[in-house]
Each structure stands twice: as structure tokens, then as C-alpha cells.
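Each remark here refers to the structure printed beneath this line.
Where a number appears in this text, it was derived from the coordinates with a stated rule and is not lab data. The shown structure was predicted, so the numbers you read here are calculated from the model rather than taken from an experiment. Note that we place each Cβ from the backbone using ideal geometry, even for glycine, and neighbour counts take in every protein chain shown.
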Amino acid sequence: MLTIWGRLNSLNVQKVLIACHELGLSFERIDAGLAFGVVQSPEYKAMNPNSVVPTINDDGFVLWESNVITRYLCAKHAHKGFWIEDVLRRADVERWMDWQQTSFNPHLTTVFWGTVRQPGAVAEAEIEKARLRLEAMTLMLEARLEKNRWISGETFGMADLVLASGVHRWLNLPVERPSRPRIEAYYAALMQRPSAQTYLTLPLT
Ligand SMILES: N[C@@H](CCC(=O)N[C@@H](CS)C(=O)NCC(=O)O)C(=O)O
């Protein structure tokens, strides 16, 4: 039995839900985080001391960190085709997963909080700085997509599982954006997938 704790409007929860959908896994989801609370309870903290979502319990194995959960599910269900045995090919994909967490997402979060989740909570100058950083970041993604159909390569893979919600968020933020034709084409292809249609259609909140 797979249980996922996390609210539907969380970018990090969306990664895990999209992964489960693509892998064809059934699961139970429990709303948690922000308005739903739960994450500060002693029971939740015993599972995830960070008090953030997502957390999973997979037949008794508790795991947190959305990208690690995604890797774990792909590796566990390797026969579904998302796990890559070849070390070099896997590293090529995994670099984009870490890039999402460490380079892209911090700036995305600044703009998102400042313009959508809590307008006024982030100084305009900070929002603008992060918005410009995202212009540079998305140029890297644009270059990746010049040579590859998906961020993971020729087939939709682990990097796409964790970047889908970020691309969706960036393209829907109420800010000025430069034209990124390949990212826009990528997003159009992404939104053809039932997993994205299921988990990326909520308005940003
Ligand atoms: N590195 C963590 C970050 C998790 C995280 O920051 N989650 C946010 C939602 S995207 C959160 O739990 N925020 C507090 C809350 O929802 O109560 C991961 O990727 O799982």
C-alpha cells in the first residue's frame, strides 16, 4: 500500500503524483501542508522532521524529498521503463533533477510567492531579480530542448517527472516572460499526457 501526504497545489507533491500516474501505481493521498495543517503534528514529524510535503509510506517504508521519492519509485518499478541502468545515461538525466531543486526552483519559488501565493510578501526588487534569473535558467532548458525532445532525452523520463510542474508554474506565473519556443512546444506536448492533464490543471494557488 502506497500512501502520499501532500496537498494538490504543491509543486513537489505534483512531481510524485505525476510519477505515480506515469508508472501506473495506485495510492491513497492525504491532504497535508499549509491550510490542511498536519505537517506540524508529532505523528507527521516522526515521519518527516522537515514538516514539509510530500512524504510517502510505501508498505512501511517512509520516505521524504520529492526527487528522491521519484527516483525510488522509478527504480522500484524499473520494468515500467523510467529507471535507467546505464550510469552515464542516468547521470545525464539526474543532473536536470538536481538542477530543478538547486538552481531553478529557488527563483521560481521567490516569484511564485511574491506574485501568487502571498502578493506583497516579497520585495519587488527580489521578485525582479528572481524573474531575471529564471530568464537565464530557462535559456538553459531551451538549449537542452533544442537537442532533445524531452528534458530527459528522446523519451519522457525522470527529469520530466520532476520538471513538469516547474515548467507549468513558470509558464503560468503572472509575470513578463521571454519567448521560449522549445519550452512552449515541450509544454504543449506535456499537456497531452494524461498525468499532466490530471495534476497540472489546477490554477496556481
Ligand atoms: N526538498 C523538499 C521540499 C519540500 C517542500 O518545500 N514542500 C513545500 C510544498 S512545495 C511545503 O511542504 N511547504 C509547507 C507546507 O505546505 O506546509 C522536497 O522536494 O520534497
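Listing for the model above:
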item: Reachable lysines from Lys76, criterion Cα separation under 23 angstrom, eight or more residues apart if same chain; result: Lys15
item: Nearby aspartates and glutamates by direct alpha-carbon distance to Lys129 (threshold 19 angstrom, same-chain neighbours under 8 apart not counted); result: Glu176
item: The chain: relative contact order in percent, alpha carbon pairs under 8 Å with at least 6 residues between; result: 23 percent
item: Burial order of peptide ranges 144-152, 106-114 (average beta-carbon count within 10 Å, highest first); result: 106-114, 144-152
item: For peptides 88-95, 193-200, sequence by mean Cβ density within 10 Å, most packed first; result: 193-200, 88-95
item: Environment charge at Leu141 (Cβ cut-off 9 Å; Lys +1, Arg +1, Asp -1, Glu -1); result: +2
item: Computed E for Val87/Gln192 - FRET, C-beta separation, R0 25 angstrom, nearest 0.05; result: 0.20
item: Pairwise FRET efficiency - Trp113 versus Glu28, Cβ, R0 = 35 Å, nearest 0.05; result: 0.75
item: Kirkwood-based Rg to Rh ratio, segment 1-90, C-alpha trace; result: 0.99
item: The chain: calculated mean residue ellipticity at 222 nm from DSSP helix runs of at least 4, using -39500 (n - 2.57); result: -16000 deg cm²/dmol
item: Most to least packed among 45-52, 7-14 [average Cβ atoms within 10 Å]; result: 7-14, 45-52
item: Partner aspartates and glutamates for Lys80 [C-alpha distance under 12 Å; skip if fewer than 8 residues away on the same chain]; result: Glu22
item: Full-extension gain in nm, Gln101 to His79, via 0.36 nm per residue minus C-alpha separation; result: 5.3 nm
